[in-house]
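The values are calculated or read from the model by the stated rules, or taken from the named source; none is laboratory data. The structure presented is a predicted model; accordingly, all values stated were derived computationally and were not measured. Note that we place each Cβ from the backbone using ideal geometry, even for glycine, and neighbour counts take in every protein chain shown.
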């Protein structure tokens, strides 16, 4: 079993829809949770960063962490065609270590 | 330019040849990383470096060599390229006290 599981999709939604992207993990030591967005033929760019449990909102994006269920989510409100990309979750235990584990990524298509 | 850059962006080489991928960052981040990204595997860590002259293996180090004589540069060398090393390679960096990583644009390497 992988430490981080992420549905690869593809996920196709109409413009304006609310998108929910999710990852599950098995390592209870993870405390730092990140979401990266990767456009085709580009490097991943940091989208959201949260520490421990709870929600964090930034514009149309909300990151949610449920450590008791080992489940994290990224919600995109009012999705736009420009949101079409691959979204990777990532997490680490911190403590200065190098080990950040990435999900395989979910491909999202937002249709105009 | 500020940020993290990689060169070349595209490279085609033959089996058995040595090839070096370059990575340069202008933030003076202590940590630098090399990942490869393949369909079905997501991002896999090849090598990382905590500071100049300090490097260590990641998940898939075989066939690769790194060095870090200066904080800003972290070259990755394939000593004798194999077809299985055909991939997209990403360099990333982060601050010592942070968990979020910042990625370069990637190098698309094809070994024929």
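Residue check: residue B:90 meets all listed conditions (1) surrounded by fewer than 19 Cβ atoms within 10 Å (Cβ to Cβ); (2) in a strand (DSSP E or B); (3) within 8 Å of chain A (Cβ to nearest Cβ) but one, namely (1). With respect to residue A:21, determine if the residue is more than 11 Å from chain B (Cβ to nearest Cβ), under 12 Å from the mean Cα position of the chain (by Cα), surrounded by 17 or more Cβ atoms within 10 Å (Cβ to Cβ) and not in a loop (DSSP other than H, G, I, E, B). Yes; evaluated as a whole, the condition is true for this residue.
Against the definition (under 13 Å from the mean Cα position of the chain (by Cα), more than 26 Å from residue B:97 (Cα to Cα), touching a residue at least 40 places away in the same chain (Cβ under 8 Å) and surrounded by fewer than 16 Cβ atoms within 10 Å (Cβ to Cβ)), how does residue A:81 come out, yes or no?
Judged against the criteria, residue A:81 is not a match.
Residues in the stretch A:70-95 that are in contact with a strand residue (DSSP E or B) (Cβ under 8 Å, 6 or more places away or on another chain) and in a loop (DSSP other than H, G, I, E, B): A:70, A:77, A:79, A:80, A:84, A:93, A:94. Does residue A:34 count as within 14 Å of residue A:3 (Cα to Cα) and either within 10 Å of chain B (Cβ to nearest Cβ) or exposed (fewer than 14 other Cβ atoms within 10 Å of the Cβ) (or both)? No, not satisfied. Being over 10 Å from the mean Cα position of the chain (by Cα) and on the phi < 0 side of the Ramachandran plot: is that true of residue A:87 here? Considered against the rule, which asks whether it is over 10 Å from the mean Cα position of the chain (by Cα) and on the phi < 0 side of the Ramachandran plot, residue A:87 comes out as no.
When the stretch B:29-49 is filtered for residues that are out of contact with any helix residue (DSSP H, G or I) (no Cβ under 9 Å at 6 or more places or on another chain), part of a strand (DSSP E or B) and touching a residue at least 24 places away in the same chain (Cβ under 8 Å), the ones remaining, listed by number, are B:31, B:32, B:33, B:34, B:35, B:37, B:38, B:43, B:46, B:47, B:49. Between B:5, B:20, the distinction of being modelled with pLDDT of 95 or more, within 12 Å of chain A (Cβ to nearest Cβ), surrounded by fewer than 16 Cβ atoms within 10 Å (Cβ to Cβ) and farther than 24 Å from residue A:4 by Cβ belongs to B:5 only.
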